[in-house]
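Take a look at this one; I'll ask things after.
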Amino acid sequence: NAGVTQTPKFQVLKTGQSMTLQCAQDMNHNSMYWYRQDPGMGLRLIYYSASEGTTDKGEVPNGYNVSRLNKREFSLRLESAAPSQTSVYFCASSDRGESPADTQYFGPGTRLTVL
Amino acid sequence: KQEVTQIPAALSVPEGENLVLNCSFTDSAIYNLQWFRQDPGKGLTSLLLIQSSQREQTSGRLNASLDKSSGRSTLYIAASQPGDSATYLCAGGTGFQKLVFGTGTRLLVSP
């Protein structure tokens, strides 16, 4: 039972390049999330998916797109990377996002640098 | 808009001490309050979750309380150990598991 896995672990991009961050969970969770963590800012929600087939914007969605490929996988795409997108990206999942008793399980993160 | 603040930003204590980490939030209409632990270069691990209808939760040496009226939550760590050294994050749930995170308290427990 691997939990939430993310690939790659590290990535360096040049401004304007594109890339997709991959996330998968093996806990049969319905809801999945993408966050970014910046020094002094805390984690901020980029996009979330309440269930397979649905996605919604979070607090900081500009410059990103997401795809909920199936129940297990939720990818985050940067179409034209900018230095402001240098950050650590975390994927998370939860069983039923609408329940206040439901916690989120986090992946190990992807450290992205945009030059 | 919910805002979450954690004070202090860093804390250093000797092993064996009992300690309290503080978290404050601006909107009392909170869905739940969660405490996470983050080790350097790693993801977050959930420690405790307090639903809005609850006042506290306990797990081993950890106890978390929630006071919605004052907009505060505390995480109490008893008999601290060097293995407790990490960053502790609190997050307020604003509905449908939308979590608003504080910036964390970095804890160092010295042997």
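The values are calculated or read from the model by the stated rules, or taken from the named source; none is laboratory data. All values derive from a computational prediction rather than experimental measurement. Don't worry about glycine lacking a Cβ; one is built from the backbone with ideal geometry, like all the others, and counts go over all protein chains shown. The area values use the complete protein model at the heavy-atom level, side chains included, leaving out ligands, DNA and RNA. Shrake-Rupley method; radii C 1.70, N 1.55, O 1.52, S 1.80 Å.
Quick one: which residue in B:Ser110, B:Ser70, B:Ser65 is closer than 17 Å to B:Gln6 by Cα and surrounded by fewer than 14 Cβ atoms within 10 Å (Cβ to Cβ)?
B:Ser70
Still on this structure: Taking the condition in contact with a strand residue (DSSP E or B) (Cβ under 8 Å, 6 or more places away or on another chain), modelled with pLDDT under 95 and exposed (fewer than 12 other Cβ atoms within 10 Å of the Cβ), does B:Pro8 pass?
yes
Does A:Leu45 qualify as being outside any loop (DSSP other than H, G, I, E, B) and either within 16 Å of B:Thr45 (Cα to Cα) or within 14 Å of chain B (Cβ to nearest Cβ) (or both)?
The answer is yes for A:Leu45.
Just a yes or no: is a residue in the range B:73-93 touching a strand residue (DSSP E or B) at 6+ places or on another chain (Cβ under 9 Å), among the polar types (S, T, N, Q), in contact (Cβ under 8 Å) with a residue 24 or more places away in the chain and under 19 Å from A:Ser99 (Cβ atoms)?
Checked the range B:73-93: no residue is touching a strand residue (DSSP E or B) at 6+ places or on another chain (Cβ under 9 Å), among the polar types (S, T, N, Q), in contact (Cβ under 8 Å) with a residue 24 or more places away in the chain and under 19 Å from A:Ser99 (Cβ atoms).
In the range A:61-76, is there at least one residue being within 19 Å of A:Ala2 (Cα to Cα), among the β-branched types (Val, Ile, Thr) and either without any contact (Cβ under 8 Å) to a residue 60 or more places away in the chain or within 14 Å of chain B (Cβ to nearest Cβ) (or both)?
Scanning the range A:61-76 turns up no residue that is within 19 Å of A:Ala2 (Cα to Cα), among the β-branched types (Val, Ile, Thr) and either without any contact (Cβ under 8 Å) to a residue 60 or more places away in the chain or within 14 Å of chain B (Cβ to nearest Cβ) (or both).
Then there's this: Hey, any hits in the range A:28-36 for a residue that's in a loop (DSSP other than H, G, I, E, B) and either facing chain B (nearest Cβ under 9 Å) or over 20 Å from B:Phe96 (Cα atoms) (or both)?
Checked the range A:28-36: no residue is in a loop (DSSP other than H, G, I, E, B) and either facing chain B (nearest Cβ under 9 Å) or over 20 Å from B:Phe96 (Cα atoms) (or both).
Is at least one residue of the range B:19-28 closer than 21 Å to B:Ser110 by Cβ, within 9 Å of chain A (Cβ to nearest Cβ) and at pLDDT 95 or above?
No, there is no match, as no residue in the range B:19-28 is closer than 21 Å to B:Ser110 by Cβ, within 9 Å of chain A (Cβ to nearest Cβ) and at pLDDT 95 or above.
With surrounded by 20 or more Cβ atoms within 10 Å (Cβ to Cβ) and facing another protein chain (nearest Cβ under 9 Å) as the only criterion, which of B:Gln38, B:Gln51 stands out?
The match here is B:Gln38.
Would you check which residues across the range B:72-108 are facing chain A (nearest Cβ under 8 Å) and among the charged types (D, E, K, R) and list them?
Of everything in the range B:72-108, just one residue is facing chain A (nearest Cβ under 8 Å) and among the charged types (D, E, K, R), namely B:Lys98.
Looking only at the range A:71-96, which residues are open to solvent by 20 Å² or more (accessible area, probe 1.4 Å) and either among the basic types (Lys, Arg) or modelled with pLDDT of 95 or more (or both)?
Selection gives A:Lys71, A:Arg72, A:Glu73, A:Arg77, A:Ser80, A:Ala82, A:Pro83, A:Ser84, A:Thr86, A:Val88, A:Arg96.
Give me the residue from the range B:81-107 that is more than 15 Å from the chain's Cα centre (by Cα) and at pLDDT 95 or above and, out of that set, most open to solvent (accessible area, probe 1.4 Å).
B:Gln81
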